[in-house]
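Q: Sharing a structure below in structure tokens format, with a few things to ask.
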Amino acid sequence: MQEGTQRTMIGNAAMIETAVHTRPVRRWSLLGRALRRRCPQCGSKGFFSSWFKMNDHCPTCGIACDREDGHFVGAVGFNTIFSFGALLITLLVGTWITYPHIPVLPMLGATFAVAIVVPMLFWPFSQTLWMAFDLGWRPAADAELDPRYLDGLAG
Ligand SMILES: [Zn+2]
């Protein structure tokens, strides 16, 4: 299958390849929007209804907030990597500052606090960042976007 095409079933067995019109967004725009907790595709603020609740679709461009089954796994992976990185930095900085008399209980308290707080704070950014990476690899097809949004791009 060529890039930029999709296979469509006709009848029971036949398939045709048809062109897919995509809406690529510059990767820096995707990243910048994701880091501001906005829709990576259009930059709208309506991607989330609350800190932890992501909408089904972006209210502006209409793209599905989880584009396919398993989309959530990538965001969880991002959140895990970021959270473990924060834990590592906490342990390294704490050890570096207090060496050689490392206070074990305060260090444990600090790492527990980081392990609980950081994943919650980073959660929405892990969602938008994963979406941005996904859109960088697989730009949104016109079929994924709201026709009114596409009309706005054209006009
Ligand atoms: Zn959008």
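The values are calculated or read from the model by the stated rules, or taken from the named source; none is laboratory data. Nothing here was measured: the structure is a model prediction, and the numbers come from that model. In this analysis, Cβ positions are derived from the backbone assuming ideal geometry, glycine residues included, and neighbour counts consider all displayed protein chains.
Q: Tell me the residue from Gly70, Gly62, Gly136 that is on the phi > 0 side of the Ramachandran plot and surrounded by 13 or more Cβ atoms within 10 Å (Cβ to Cβ), please.
A: The unique qualifying residue is Gly62.
Q: Of the numbered conditions (1) more than 12 Å from the ligand (Cβ to nearest atom); (2) in contact (Cβ under 8 Å) with a residue 60 or more places away in the chain; (3) at negative phi, Arg37 fails exactly one; give the number of that condition.
A: Every listed condition holds for Arg37 apart from (3).
Q: Starting from residues that are closer than 13 Å to Ala140 by Cβ and loosely packed, with under 14 Cβ neighbours inside 10 Å, keep the ones in region 7-51 and report whichever is modelled with the lowest pLDDT.
A: Restricting to residues being closer than 13 Å to Ala140 by Cβ and loosely packed, with under 14 Cβ neighbours inside 10 Å, the top hit is His21.
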